[in-house]
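Structure record follows, encoded as structure tokens.
No value in this document is a laboratory result; all are computed from the given coordinates. On a predicted model such as this, the values are computed, not experimentally measured, just so you know. Here the Cβ positions follow ideal geometry from the backbone for every residue, glycine too, while neighbour counts run over all protein chains shown.
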Amino acid sequence: MSILFDTERKVFRLDAGSSSYAFCVGPWGQLLHLYYGARISDTDLGYLQSALNTGSFSPNPPEGDDSAFSLDTAFQEYPVNGTGDYRVAALAIRGENGSSATTLRYRSHTIRRGKYALDGLPAVYAAEDEAETLDVLMEDPLTGAEVHLLYGVLDRYSAITRAAVIRNSGQSPFVIEKAASAAVDFPTMDFDLVHLYGQWAGERQICRAPLTHDIRTVASKRGASSHAHNPFAALVSRNAGETSGEAYGASLVYSGNFAIETECDSLETARLVMGINPIDFAWTLNPGELFTTPEAVLVYSDEGLGGMSRTYHKLYRSHLCRGEWKEKIRPILVNNWEATYFDFNEEKLLAIAKDAADLGIEMLVMDDGWFGKRNDDRSSLGDWFVNEEKLKGGLKPLVEKVNALGLKFGIWFEPEMISPDSNLYRAHPEWTLCAPGREPSIGRHQYVLDMSRKDVQDYLFDVISGVLSGANIAYVKWDFNRNLSEAASAELPPERRKETFHRYVLGLYSLLERLTSAFPHVLFEGCSGGGGRFDPAMLYYSPQIWTSDDTDAIERCRIQYGTSLVYPPSSISAHVSAVPNHQTGRVTSFETRGNVAMAGAFGYELDLTKLTAEEKELVKKQVAQYHAYAPLVQDGDFYRLISPFEDENRCAWMSVSADKSEALVTFVVPRTRVNFNSYLRLAGLDPRKKYLDESTGRVLSGDTLMNAGLNLSRSYRDGESVLIHLKEVKA
Ligand code: GLA
């Protein structure tokens, strides 16, 4: 049993992998948080509640005029707004009386086998015998709000999933002004906050800074999880590194507006609250209706950030990604975007495909520009019909020719968008997302479709299904190239328009669910101007995501390193592109471009027909390396060794197979120094096993490699890199 209830003390304890999580039912039915951290074995934990109070300025609940208990200072499980707790709340419900003062009292709970699912939302899943669910029913007697706090424990993982389902069991509608997915109170604020920020072509940079006495928010209001912030944060002990120290990860399975708030108070405690961003959100719930929050995934590690990441990688790879591709080695693809941009036709594509086939590449992906009259980014989004001027005879003959070369065929869509210059816009201007009475802002010359509308979803389902069933298409790249603005669906009454952002995301998920179910063999790859929607929810529909439009290998070191805090290498799509790099102008060697891309779902993004004979030989070598190493990279354990955020000269990471019989080490020198002293201590190996370093022929034991390390000191050029394969040798 991983979920216990101590009936006498009314304490719940959830044991997840190496962690425990505990809370209890308090004196008047409030749910009080007790503990989160390394695994413990008691349930007599009530003594851990805060007995501190700030005197008469901390209100006491009306049920008992007890100055020793105040929600202002108590550690809570799902803190509510406006009834004595002044910290960031998880729940605010505005009732018929117009007030958002909210109360929740425990009513009952159930513990059952299996993991709960969330209606219309992606969530971690597990077989009946792999997980348990705790469902605690709370209620607000005045509004009739029933709140089911859901907890999922997959015992093999040091992870706890959480979500809330709110039901209106009262007589009148109420408005949910805030409904977080999870909150955690910590008895200390002695943490660093780690999160991922970025921009287009510079996603998921690591930021780490100590908590201070304030409220800090990592959030998006862009209608997408966004390039700017990722729906992830970690609180880590001040001494935590990659291998030691405590790390509490908080990741939200959501692709829309989110907020992760941390607050530290004068009592030196810290609260973390995460969920849908309450800004621009309000949801009217009529009697009998349900509202479900997205899922939060909490991970505890006492092996630093590295331990936290490995838990997320395994959990997300095996219990969030779905479909037949989730654990398969992904095909090596060549994408024509940086090769041709919009300027292609059947002939050009076939020339690339022919070279690809000769070099052992497995799939051709036709990117933007194949439909409508799209010869630049000013038109045709929405018109998902083949441009027969470019592709004479249509898609089917092209796909057949590509297949005949032995290659699979993939295609690009940007379904959620509409160009003002498109037949779709001329037929359905009302499908554009826009607040009534306003002009829609324009981004990359395009508007956004109102994905909350059923007719829009149906149109997209039909038109995309038509393309996918009209030819042998093995892969879809699902792009999204601008953020939402004027986001107020014309279909909703004015008082409900703040539901638009969330309804948009629900509409997107519904469409993705229909399409991925209808085309189970198609490999979907997420994309949003690179990695602008690289979030756990998208991984539920697409097991890999285009990580960034920045394909420069040196920039990619930082982007992929940051991405790896949460996301498994199998999800990190990475391509070798041409030099000078199209985004930075930097020239790096073909080897380094390959070595860096080899850390993810591997491919090419250049005109193969323009490669020299020598470069073509390197492609063949990389293809062979990928076939040899992909199982290790995609299924192995990932260890970050040297952070490019801390060392401007070096960056290193490695993958170790589950049985520790094999490892692949990548060492990159973004910026060299003369006489470069560089020892690299490895991680994750079996200390007693002997490993052959295939680059030197030297055999060393795991303990030597992890303590003394590799001696990589020598002269390097800027951007040079080394790939080292280690293989166990049996005595
Ligand atoms: C986005 C993607 C690119 C490419 C272009 C096409 O920027 O990230 O990979 O598909 O759109 O317009």
* Asked: Hey, fewest Cβ within 10 Å first, where do Phe534, Phe5, Phe676 land in order?
  -> Phe676, Phe5, Phe534
* Please report, in cubic angstrom per residue, the volume enclosed by the convex hull of the alpha-carbon atoms of segment 235-346. => 274
* Simple spin-label estimate for Tyr47 and Arg673 in nanometres, 7 Å along Cα-Cβ -> 5.1
* Could you work out the equivalent-ellipsoid semi-axes for segment 473-581, taking the square root of 5 times each eigenvalue of the Cα gyration tensor, largest first, in whole Å? => 29, 18, 12
* Structure fact -> Between Arg107 and Asp686, the two model label points (7 Å from Cα along the beta-carbon direction) sit apart by a distance in nm of 5.4
* Simple Cβ-charge dipole of segment 540-625, Lys/Arg +1 and Asp/Glu -1, about Cα centre, in debye nearest 20 -> 160
* Hey, any idea what the orientation-averaged projected area of the convex hull of segment 33-91's Cα atoms comes to, in nm²? -> 4.9
* In degrees, nearest 10, range 0 to 90: what is the angle between the Cα axis of helix 454-470 and the longest Cα principal axis of the chain? -> 30
* Asked: When DSSP beta bridges are limited to those with both residues in the chain, what percentage is antiparallel, rounded to the nearest 5?
  -> 85
* Between 0 and 90°, nearest 10: helix 613-635 axis offset from the chain longest Cα axis -> 30
* Asked: To one decimal place, what Kirkwood hydrodynamic radius in Å is obtained for the chain from all pairs of distinct Cα atoms?
  -> 26.9
* Asked: With point charges of +1 on the Cβ of Lys and Arg and -1 on the Cβ of Asp and Glu, referenced to the Cα centre of segment 234-372, which listed residue (Ser251, Leu320, Phe371) lies farthest in the positive direction of the dipole?
  -> Leu320
* Structure fact -> Checked against the positive end of the charge dipole of the chain (+1 on Cβ of Lys and Arg, -1 on Cβ of Asp and Glu, about the Cα centre), the farthest of Phe191, Ser301, Gly594 is Gly594
* Counting only DSSP beta bridges with both residues in segment 311-414, tell me the antiparallel percent, nearest 5. => 10
* Computed log₁₀ I(q)/I(0) - Debye formula, equal Cα scatterers, no solvent, segment 108-210, q 0.19 Å⁻¹ -> -1.06
* To do: Arrange the following residues from fewest to most other Cβ atoms within 10 Å of their Cβ: Lys477, Lys401, Lys616.
  => Lys616, Lys401, Lys477
* Structure fact -> For Val386, Val665, ascending order of other Cβ atoms within 10 Å (fewest first) is Val386, Val665
* Structure fact -> Helix-only [θ] at 222 nm, the chain, -39500 (n - 2.57) per DSSP H run of 4+, per residue, nearest 500, equals -6000 deg cm²/dmol
* Given charges of +1 on the Cβ of Lys and Arg and -1 on the Cβ of Asp and Glu, with all other atoms neutral, how large is the dipole of segment 154-206 about its Cα centre, in debye to the nearest 20? -> 300
* Structure fact -> Computed over the chain: longest principal axis from alpha-carbon atoms vs helix 500-518 long axis, angle to nearest 10 degrees, is 50
* Working out 0.36 nm times the residue gap between Lys328 and Ala38, then minus their Cα-Cα distance, what length gain in nm do you get to one decimal? -> 101.0 nm
* Asked: How big is the charge dipole of segment 162-271 about its Cα centre, in debye rounded to the nearest 20, if each Lys and Arg gets +1 on its Cβ and each Asp and Glu gets -1 on its Cβ?
  -> 500
